[in-house]
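Comments concern the structure below.
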Amino acid sequence: MVVKIPFCKPVFNKEMEEAAVNALRNERFVLGESVQKFEEEFAKYCNTDYAVSTSSGTNALHLALLASGIKKDQQVLTTPTSFIATANCILHAGATPIFCDIDDTYNLDPNKIIDRLTPKTKGIMPVHLYGYPCDMDGILDAANKFDLFVIEDACQSHGALYKGKKVGSLGDIGCFSFYSTKNMTVCGDGGMIVTNNESIAKEIEKLRNCGRSTWNEMDVVGYTARLNTANAAIGIIQLKNLDEWNEKRRKNADIYINKLQNIGDIILPPKEVDVKSVYHLFVIKARHRDELKSWLESNGISCGIYYPIPIHLQLIYKKLYGYRGGEYPISEKHSEEVLSLPMFPDLTKEEIEYVCEKIEEFYDERNVKG
Ligand SMILES: Cc1ncc(COP(=O)(O)O)c(C=O)c1O
């Protein structure tokens, strides 16, 4: 396949290069001043009191769970429609992930929480998938009622708003990933937790740095999960650009929506009700999804499927918990229909129009053939 339109395009420019080199030359390689500056600016951006960086989004989620006091044999509710790291972190923390099916925003359905609760349930880990915020009022209501902590997996939704508030700032802890394909990256692995709870922030600072309370004193079993300074220096610049990049993504989404709205064989992303999505991915549901994907790829358009297998049907989860399919029907159907089209800030109108023309052509031909 000759790729005419890539799926995503991470940005690494001269300013970022200079910031990284400057940090490497002048600061400690790990947890240098740029790390602290990045954390301060990220907390300000999310409107939270604290931000603590980590070496990945996975580590952010894992340490957030540990700092929430989760224990072996306790349970945390989450969605089966996410990247596997969401549920894996619950296992890493020694607890059990209990899945809760999704609603028509493709996020954990708050109305299903009550049916999934047991005396062992201690927390909820909703995921703002594809850049679209969860129904946080519903989730927080359930959490308050049943005394559960809420850790938002905001790894795909930097800058998205729920009722005017930044995602990540609504629950007890918010976790972000800066993996290379995200709306903002550190040009390598990296993550961040945000919170308004000082003791949680301090606990995560210790946990990410070998359990240190001072340089030579360790009072918890810690991890090596720190952010490298050069990556933080890049993150500072990426963060400055985030709002502009997100606006460009939103404009691109509008073009897609306008062009695709009359094609009856596809379902467009959910309408924005009380939320501002940052379109980490532009996801449609499509009839004959796999054939459409192949057709687009044969025309030089890269696409993705997020995710072709819901977490509970991944081999390891089948082995651990005996899932067979049918347990979470909405997530299972979702995984058979979703298709992500190219989405990045500098995608051009012409490129989007080309993708839409090819989708139209595909269904015109198929529907004529019957
Ligand atoms: C929803 C979600 N959760 C968790 C993660 C894990 O983040 P990382 O890859 O930085 O460990 C990712 C990203 O890959 C993600 O998309």
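The values are calculated or read from the model by the stated rules, or taken from the named source; none is laboratory data. Since we're looking at a predicted model, the values are computed, not measured. Every residue, glycine among them, receives a Cβ derived from its backbone with ideal geometry; neighbour counts consider all protein chains shown.
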**Report entry** Among (1) in contact with a His (Cβ under 8 Å, 6 or more places away or on another chain); (2) in a loop (DSSP other than H, G, I, E, B); (3) of a type in the set (Lys, Arg) - the single one Arg324 does not satisfy
**Finding:** (1)
Requested in this report: Quick one: which residue in Ser302, Ser298, Ser340 is at pLDDT 95 or above, in contact with a Pro (Cβ under 6 Å, 6 or more places away or on another chain) and over 19 Å from Leu108 (Cα atoms)?
Outcome: Ser302
Requested in this report: Kindly indicate whether any position in the range 230-251 is over 21 Å from the mean Cα position of the chain (by Cα) and in the same structural domain as Lys44 (by TED's automatic domain parsing).
Outcome: yes
Report task. Of all residues in the range 331-370, count the ones that are of a type in the set (Val, Ile, Thr), farther than 26 Å from Ser180 by Cα and surrounded by fewer than 17 Cβ atoms within 10 Å (Cβ to Cβ). Result -> 1
Report task. Determine, yes or no, whether Pro80 is over 15 Å from His128 (Cα atoms), assigned by TED's automatic domain parsing to the domain that holds Ala142 and touching a helix residue (DSSP H, G or I) at 6+ places or on another chain (Cβ under 6 Å). Result -> no
Report task. Would you mention how many residues in the range 103-116 are under 23 Å from His62 (Cβ atoms) and among the aliphatic types (A, V, I, L, M)? Result -> 2
Requested in this report: Show the residue pairs that are 6+ apart or on different chains and have beta-carbon atoms under 9 Å apart, the first residue being within the range 147-173 and not assigned by TED's automatic domain parsing to the domain that holds Phe83, the second being within 16 Å of the ligand (Cβ to nearest atom) and among the polar types (S, T, N, Q).
Outcome: none
Report task. Filter the range 287-310 for residues that are within 26 Å of Ala85 (Cβ to Cβ) and either in contact with a strand residue (DSSP E or B) (Cβ under 7 Å, 6 or more places away or on another chain) or in a helix (DSSP H, G or I) (or both) and give the result. Result -> Arg289, Asp290, Lys293, Ser302, Cys303, Gly304, Ile305, Tyr306
Report summary line: Over the range 97-121, the set of residues over 20 Å from Ser157 (Cβ atoms), in contact (Cβ under 8 Å) with a residue 40 or more places away in the chain and surrounded by fewer than 19 Cβ atoms within 10 Å (Cβ to Cβ) is Leu117, Thr118, Lys120
Query raised in the report: Looking at the range 35-42, is at least one residue outside any helix (DSSP H, G or I) and either among the charged types (D, E, K, R) or more than 25 Å from Glu198 (Cα to Cα) (or both)?
Result: no
Query raised in the report: Quick one: is Ala19 part of a helix (DSSP H, G or I) and either crowded, with 18+ Cβ neighbours inside 10 Å or in contact with a strand residue (DSSP E or B) (Cβ under 9 Å, 6 or more places away or on another chain) (or both)?
Result: yes
